[in-house]
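One structure is given here, and the rest of the page talks about it.
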């Protein structure tokens, strides 16, 4: 069930109506049923996968907690044990807990890995077999369950946090199931943390007109971005990227900028809808973006784009990896061999590259995503290395902080990121690099002015809508810097306020790229 | 304070509803200067006197081939044609069901050519057949039966969801006929006076299976039952169009069905000479459809058939009806005159030659 489908709108209206009519104590149960109904529409078999993840995570979380309690009780009962005996006992329990955690991680990440990466692995094996003129292995037909990357990561963060004793596990399997399957965030995140989401997810919610209205506005804003901008510009993006032999040179540059706009409008629009729906239900979901295209460096960008994924990798991959035994060993030996300066950096670099490799492959099971991830990591590391050079530059030229220089930084970052995303557009490493090079070797600026842009599937009126859309997006982001835009609008006179709402509603209704003549476009991040 | 809030919300909803209605009527196709057959269905609902002796139901084989004005002038029969382009049998059934909400005719004449289509064919024709109906369960049932896989039922409730993307192709026509449309047809008859003689038709190809589809029979059964329930005589009709080819095997099935259900079936292709049809002068598109001259000849013949078979009273002496039909006749002859003038001036009819009109 697409967020942009009539079925979903109907489903949502029905749910919200029921949600505020039924006794409040049943609200979370209704959400759980709704989430499973929503998921059912993506296929029966998918329900099986998510159920397996829920049950296994629940069981292990209770087991982990049981072991912790057992340890505490045992130590309380046996106060007279020596320190050494206590240590031995603790190690024994720790080892058991670690075993259960590992089992849960391997099992669930294993499901994800098998479904998502088997064919990728087979294609690489087949490439090698072909080299040796051996028979290829047949590919397997595995359908990727909707949102599996998101709910697997969300449940794994839960089990790791329980292991780390950050919080007590949820004893009600229904509530735990709701945390994993909460439908608004099932398709494309954000990857919520249990201690954040559970604060409002299971609460009893009375109807609050302001919260509801703000949520509704956010949903509308999300639909505007998705349906008016992203689903309109996708035609041109696909025309360019699906025909690399026809559209190279300046078209690649246009395509990468168009894709940057499409991805932004699509993903942030989807998250706006998610957060807005949750808000209409009285539930708080954490922000996933903070005006990412205003970032002045790639490092900053990744702090502001898909925040929940970035922090997930930081908390559950980067930090544990950096302090893991093998990494500490590498650190020790590299220091001994290359000295403190280089030796200190080597494990950090290694951890960073591993994280970006993982980030890349999380986005998709193909080499283009892996290369994209690694390039992000490399650029971040290079810019870190250049920090002293930048400092000297700023000391000499005194441009830091000026509007012109900040604008330059923002544009540079957007162009750099867009260039990296060429790998995402063409989904092939070789073609991507060839197209990137063609931007510089076949730069025909005339294309911009000779009407060729009208051959990309968009007409003049589409371009006008897109230009106005971009102006609105930028204006909105600028306004947002000084506080909530919805609060600002809410403080205006009713005529103005309601005019804005009504205009937004009819903009989506009239200008939205939906219905016959338009393909129903899935959200981009749903593929991941 | 609470009342004030409720009133404010109501006002906002009214504004939204008002804007919605305005935008929807602006963006929906008007069918006034091109593809005019799209306007046929809705015209019926603006008809002041919805009391007809005969209702024709079907596709272009009825709305191009029969003239209610001739039936009135020759026999005093009041009739209306409820037809639209490629109107399939499920459209026809639900359109009849809808018509019966307004009147109970003595005779319903159903054009059987659409029995050849067992599944939905085209979204554009669906819209032309259904959009003109007022919102009702009948309309929704019709849409549900007719929809192509890519269509959504909700767009028949809120047509703006279908036509929203026309915002960038709005023309002068859309603004001119935003609130009020012209009358296009004459009790459902779409007049054309131009002529194009029959040339040659492709040889009818042999079919793998000549049997009409089960769904078509299902709807024909429903139509038969609906007429029986309402004490209406149902006549099955094959109009005198030469193409698409009407196979003997199809004809036999209709003969059998009529006999089995105690209905009348008439294939007018068997009476071309009696009607005096000349396919050099009486068709505007080489035999697919009749022009005004052809439609009037057919109507004279078919009116007599109706008179002979059913007890239809000549109503020409009813002063009220006479006044009403006099107005209709005046409009009819006026349009005939205008079309001849257009033919003389341009060599073709503006509304029916979209490409040439646009080039001009």
(request) Scan the range B:111-140 for residues that are under 23 Å from residue B:22 (Cβ atoms) and more than 14 Å from chain A (Cβ to nearest Cβ) and jot them down. (result) B:128, B:130, B:132, B:133, B:134, B:135, B:136, B:139
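Going through the range A:490-500 one residue at a time, which ones are surrounded by fewer than 17 Cβ atoms within 10 Å (Cβ to Cβ) and either at the interface with chain B (Cβ under 10 Å from one of its Cβ atoms) or part of a helix (DSSP H, G or I) (or both)?
A:490, A:494, A:495, A:496, A:497, A:499, A:500
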(message) Just the residues that are farther than 15 Å from residue B:22 by Cα and either facing another protein chain (nearest Cβ under 10 Å) or not in a helix (DSSP H, G or I) (or both), please, taken from the range B:163-175.
(response) B:165, B:168, B:169, B:171
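Got a sec? Which of A:81, A:178, A:143 is touching a helix residue (DSSP H, G or I) at 6+ places or on another chain (Cβ under 9 Å), within 30 Å of residue A:11 (Cβ to Cβ) and surrounded by 13 or more Cβ atoms within 10 Å (Cβ to Cβ)?
Selected residue: A:178, the only one of A:81, A:178, A:143 that is touching a helix residue (DSSP H, G or I) at 6+ places or on another chain (Cβ under 9 Å), within 30 Å of residue A:11 (Cβ to Cβ) and surrounded by 13 or more Cβ atoms within 10 Å (Cβ to Cβ).
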(message) So, in the range A:501-521, exactly how many residues are modelled with pLDDT of 90 or more and either in a loop (DSSP other than H, G, I, E, B) or within 11 Å of chain B (Cβ to nearest Cβ) (or both)?
(response) 13
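So is residue A:369 closer than 16 Å to residue A:429 by Cβ, free of Cβ contacts under 8 Å to residues at least 60 places away in the same chain and assigned to a helix (DSSP H, G or I) or not?
Yes.
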(message) Can you tell me which of (1) without any contact (Cβ under 8 Å) to a residue 24 or more places away in the chain; (2) more than 14 Å from every other protein chain (Cβ to nearest Cβ) is the one residue A:416 doesn't meet?
(response) (1)
(message) Condition (residue is surrounded by 15 or more Cβ atoms within 10 Å (Cβ to Cβ), away from every other protein chain (no Cβ under 14 Å) and touching a strand residue (DSSP E or B) at 6+ places or on another chain (Cβ under 7 Å)) applied to the range B:180-188: is it met by at least one residue?
(response) yes
(request) Would you mind stating whether residue A:315 is touching a residue at least 60 places away in the same chain (Cβ under 8 Å) and in the same structural domain as residue A:376 (by TED's automatic domain parsing)? (result) yes
(message) Just the residues that are in a helix (DSSP H, G or I), away from chain B (no Cβ under 14 Å) and exposed (fewer than 14 other Cβ atoms within 10 Å of the Cβ), please, taken from the range A:434-466.
(response) A:437, A:440, A:441, A:445, A:446, A:448, A:455
(request) Could you figure out which of (1) surrounded by 14 or more Cβ atoms within 10 Å (Cβ to Cβ); (2) within 14 Å of chain B (Cβ to nearest Cβ) isn't true of residue A:431? (result) (2)
(request) Could you tell me whether the range B:92-104 includes any residue that is free of Cβ contacts under 8 Å to residues at least 40 places away in the same chain and either surrounded by fewer than 17 Cβ atoms within 10 Å (Cβ to Cβ) or over 13 Å from the mean Cα position of the chain (by Cα) (or both)? (result) yes
(request) Scan the range A:53-66 and give yes if some residue there is in contact with a helix residue (DSSP H, G or I) (Cβ under 6 Å, 6 or more places away or on another chain), at pLDDT 90 or above and farther than 22 Å from residue A:173 by Cα, otherwise no. (result) no
(request) Could you list all residues from the range B:141-162 that are within 11 Å of chain A (Cβ to nearest Cβ), without any contact (Cβ under 8 Å) to a residue 24 or more places away in the chain and surrounded by 15 or more Cβ atoms within 10 Å (Cβ to Cβ)? (result) B:152, B:154, B:155, B:161
(request) Report yes if residue B:166 is in contact (Cβ under 8 Å) with a residue 40 or more places away in the chain, surrounded by 13 or more Cβ atoms within 10 Å (Cβ to Cβ) and in contact with a helix residue (DSSP H, G or I) (Cβ under 9 Å, 6 or more places away or on another chain), otherwise no. (result) yes
(message) Just the residues that are under 15 Å from residue A:151 (Cα atoms) and in a loop (DSSP other than H, G, I, E, B), please, taken from the range A:183-209.
(response) A:186, A:187, A:188, A:189, A:190, A:191, A:192, A:193
(request) Could you name every one of the helices (runs of 4 or more DSSP H) located completely within the range B:1-78 that has at least 3 residues being within 13 Å of chain A (Cβ to nearest Cβ), free of Cβ contacts under 8 Å to residues at least 12 places away in the same chain and more than 17 Å from the chain's Cα centre (by Cα)? (result) B:2-27
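The values are calculated or read from the model by the stated rules, or taken from the named source; none is laboratory data. Quick caveat, the model's predicted, so the values are computed rather than measured. Cβ atoms come from the backbone with ideal geometry, glycine included; neighbour counts cover every protein chain shown.
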